[in-house]
Amino acid sequence: MVGASLPVARVSRWWLSAAVAGIALGVLTNLAQGWLPGSFNQIANSGALWSVPAFAAGAVVAEKTAVRASALVGLCTTIGLVVGYYGYAELGRSGMGSLAWPLVWLVMAVVSGPLFGVAGAWWRRGHTTLRRVVGLAALAGVFGMEAILAAWALHYEGQAWGCAALLVLVPLTMARRHKERALTLLTALVFSPIAYGVVELPLQHLSP
């Protein structure tokens, strides 16, 4: 009932702020692709990195309202990322080209944004160990997915090791106690190949 009594203006402010922040970060990741050397420029365009703002936004909102608001700000953040990234590509670079890939990533944003928004809420205010572990493992696992992609498909050794390190560091530094750290890491190790098979493999065979 907390969410039901929350002023509409406050909810609107949160989702609007999330959308604006997402647009700004989308522009920044586009720029960072030109700044980072070699294969590391792919990090700026990785699905794992784009999941972090949605997770963070969901965690921030979780302290003040219902979990569904975290899902909403997560959605607004990821949609903003897509709009900012491809908007800058169109207006600040040589154009985004075909609309197919922006539409693909927009669909991905609609799915991943609420999921990671809720994951952030579960990590921040989850009342059970299961929710806190699953929420944080989702974030760690997406970096594990990127590590598999970088090592197996792209052969980017440096990026693979960097994402693998984050897979381990996220549970170790963000979980509340030793038991939860171990459970989160184990869960993330399970999530990583599942996410790779469900998300990355279809994308690799997609030719919009």
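The values are calculated or read from the model by the stated rules, or taken from the named source; none is laboratory data. Remember, predicted model here, so these are calculated numbers, not experimental data. When we count neighbours, we look across all protein chains shown, and the Cβ atoms used for this are built from the backbone with ideal geometry, even at glycine. The accessibility values were calculated without ligands, DNA or RNA, using every heavy atom of the protein model including side chains. Shrake-Rupley method; radii C 1.70, N 1.55, O 1.52, S 1.80 Å.
So what does residue 108 come to for accessible area, using a 1.4 Å probe and Å² rounded to 10?
Its heavy atoms expose roughly 60 Å² to the probe.
For the chain, with all protein chains present and a 1.4 Å probe, just round the carbon and sulfur fraction of the accessible area to a whole percent.
71 percent
Show 15, 122, 152, 35 ordered by accessible area, largest first, where the area counts protein heavy atoms only and the probe is 1.4 Å.
Accessible-area ranking of 15, 122, 152, 35, largest first: 152, 35, 15, 122.
Using packing as a proxy for protection, rank 156-164, 110-118, 17-25 so that the peptide with the highest average count of other Cβ atoms within 10 Å comes first.
In decreasing order of mean packing, 156-164, 110-118, 17-25 become 110-118, 17-25, 156-164.
Arranged from highest to lowest average of other beta-carbon atoms within 10 Å per residue, in what order do the peptides 197-206, 45-54 appear?
45-54, 197-206
With θ taken as phi - 60° and the coefficients 6.51, -1.76 and 1.60, list the Karplus ³J(HN,Hα) couplings across the range 122-131 in order, rounded to whole Hz; mark glycine and proline as x.
Running phi through 6.51 cos²θ - 1.76 cosθ + 1.60 with θ = phi - 60° gives 5, 5, 6, 10, x, 8, 10, 4, 4, 5 Hz.
Output the direction-averaged projected area (hull surface divided by four) of the convex hull of the alpha-carbon atoms of the range 13-118, in nm².
For the range 13-118, averaging the hull's shadow over all directions gives 6.4 nm².
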